[in-house]
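A.B. asks: What follows is a structure written as structure tokens; I'll ask about it next.
Each reported figure results from applying straightforward, stated rules to the coordinates on display, with no laboratory input. Bear in mind the structure is a predicted one, so any value in this text is a computation, not a measurement. Neighbour counts are summed over all protein chains in view; Cβ atoms, including those assigned to glycine, are modelled from backbone coordinates with ideal geometry.
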Amino acid sequence: MEEVAKKRSREESSGPQPQAAKSRLVHALSLILGRPGTKADTEWQVEEAEGMYIGSVTLTEMSRTFTGEPVALKKEAENAAADAALEALADQIATLEEEHKAKKAKKHAENLESLKLKREERAEERKAAKAAANEAKEP
């Protein structure tokens, strides 16, 4: 009998995967710059030394370079460099993330209020239309 491949349900999945340091750095850089990051904003370099890889990242807009610890794989070397950058910029990033969250919450509240007003206006319009229709029916 053939076995049928079955998708994992949400309960069976391992949950949210941790985000790689490189991705977190790109996100943090967009907060620091106040705009989406581009490839030109970061320069990644990986060098091999004694069977290990050493990664470094240069944040061109800030003119700063961060170097990670030696690791066994190239991809790990880039993430190690990103970790070094995130650690060095942790205070600045934390402040900017809090500001970003507050700004996002404010915008969400404004959008919610706008939506409530629109719903109320539509409800009033429906009531008025219904009342007009009832008046038109009565002779």
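A.B. asks: I want to check a number: in the stretch 92-137, how many lysine pairs have alpha carbons closer than 19 Å, given a sequence separation of 8 or more or different chains?
C.D. replies: Close lysine pairs under the 19 Å cut-off: 9.
A.B. asks: Fewest first, what order do LYS74, LYS130 take by the number of other Cβ atoms within 10 Å?
C.D. replies: LYS130, LYS74
A.B. asks: Then there is this: Of GLU125, GLU98, GLU87, which is the most mobile in a GNM of the chain whose springs link Cα atoms less than 10 angstrom apart?
C.D. replies: GLU125
A.B. asks: Taking only the alpha-carbon positions of the stretch 97-139 and ignoring solvent, what does the Debye formula give for the base-10 log of I(q)/I(0) at q = 0.16, 0.26 Å⁻¹?
C.D. replies: Summing over Cα pairs of the stretch 97-139 leads to -0.57, -0.82.
A.B. asks: If you don't mind, there's one more thing I want to ask. Can you tell me how much longer the chain between GLU135 and GLU113 gets when fully stretched, taken as 0.36 nm per residue apart minus their C-alpha distance, in nm with one decimal? Before the final figure, lay out the partial values.
C.D. replies: On the way: separation 22, 0.36 × 22 = 7.92 nm, distance 3.30 nm.
Separation in residues times 0.36 nm, less the Cα-Cα distance, equals 4.6 nm.
A.B. asks: In addition: Using the crude model of +1 on Lys and Arg Cβ and -1 on Asp and Glu Cβ, and no other charge, please compute the dipole size for the stretch 97-139 relative to its Cα centre, in debye to 20.
C.D. replies: Numbers: 13 positive and 11 negative charges, 33 e Å.
Once rounded to the nearest 20, the dipole reads 160 debye.
A.B. asks: Charges only on Cβ, +1 for Lys and Arg, -1 for Asp and Glu: so what's the dipole of the chain about the Cα centre, in debye to the nearest 20? Intermediate results must be reported in sequence, preceding the final value.
C.D. replies: Values: 24 positive and 27 negative charges, 212 e Å.
Using Cβ point charges on Lys, Arg, Asp and Glu, the chain gives about 1020 debye.
A.B. asks: Based on Cβ point charges of +1 for Lys and Arg and -1 for Asp and Glu, what charge dipole magnitude is obtained for the stretch 21-88 about its Cα centre, in debye rounded to the nearest 20?
C.D. replies: Numbers: 7 positive and 11 negative charges, 76 e Å.
Using Cβ point charges on Lys, Arg, Asp and Glu, the stretch 21-88 gives about 360 debye.
A.B. asks: What percent do you get for the relative contact order of the chain when only Cα pairs under 8 Å and 6+ apart count?
C.D. replies: Values: 131 pairs, mean separation 23.3, N = 139.
Relative contact order, the chain: 17 percent.
A.B. asks: What lysines sit close enough to LYS75 to cross-link, taking a C-alpha to C-alpha distance under 18 Å and skipping anything fewer than 8 places away on the same chain?
C.D. replies: LYS22, LYS39
A.B. asks: Select one label from (i) 15.2; (ii) 20.0; (iii) 19.0: the one whose number is Kirkwood radius over Cα pairs in Å as derived from the coordinates shown.
C.D. replies: (ii)
A.B. asks: How large is ³J(HN,Hα), in whole Hz, for each residue of the stretch 65-79 in order, when computed from phi with the Karplus curve 6.51 cos²θ - 1.76 cosθ + 1.60 and θ = phi - 60°, using x for Gly and Pro?
C.D. replies: Taking θ as phi minus 60°, the curve returns 10, 10, 10, x, 6, x, 9, 7, 10, 4, 4, 5, 5, 5, 5 Hz for the stretch 65-79.
A.B. asks: Still on this structure, please answer the following. Quick one: compute the contact order of the stretch 51-109, relative version, from alpha carbon pairs under 8 angstrom and 6+ residues apart, as a percent.
C.D. replies: On the way: 72 pairs, mean separation 16.0, N = 59.
Relative contact order here is 27 percent.
A.B. asks: Go through 57-70, 28-41, 107-120 and give me the packing order, highest mean Cβ count within 10 Å leading.
C.D. replies: On the way: 57-70: 16.3, 28-41: 14.3, 107-120: 10.0.
Most protected by this proxy first, the peptides run 57-70, 28-41, 107-120.
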